[in-house]
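Visitor: Before we start, here is the structure in question, set down as structure tokens.
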């Protein structure tokens, strides 16, 4: 009949698939970390602006009382 043939060796494709997966996962994690850092910086800036606005709002009211 037919001679028995060994299945083709596809281990190189498996390794390439894992490498691509881990590279994409690493890029995604780095992207999340950068976004998280930017959000923290934005929050700090917004808190400083809010604090400054509260301080400015309090000054005229104190001056009017005196």
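What follows is calculated from the coordinates using simple rules that are stated; it is not laboratory data. This one's a predicted model, so the numbers in the text were calculated from it and none came from an experiment.
Visitor: Which entry is the computed P(r) over Cα pairs in 10 Å bins from 0, in percent for this structure: (i) 16, 17, 15, 14, 12, 9, 7, 5, 3, 2, 1; (ii) 25, 65, 11; (iii) 17, 24, 24, 21, 12, 1?
Guide: Only one listed value fits the structure, namely (i).
Visitor: Using only Cα atoms and rounding to the nearest 10 degrees, what angle (0 to 90) does helix 11-65 make with the longest principal axis of the chain?
Guide: Here the helix axis deviates by roughly 0 degrees.
Visitor: Would you calculate, for the chain, the mean residue ellipticity at 222 nm contributed by helices, counting each DSSP H stretch of 4 or more residues as -39,500 (n - 2.57) and dividing by all residues, to the nearest 500?
Guide: -31500 deg cm²/dmol
Visitor: So if each residue of separation counts as 0.36 nm, and I subtract the Cα-Cα distance between residue 25 and residue 40, what length gain in nm does that give?
Guide: Fully extending the segment from residue 25 to residue 40 adds 3.1 nm.
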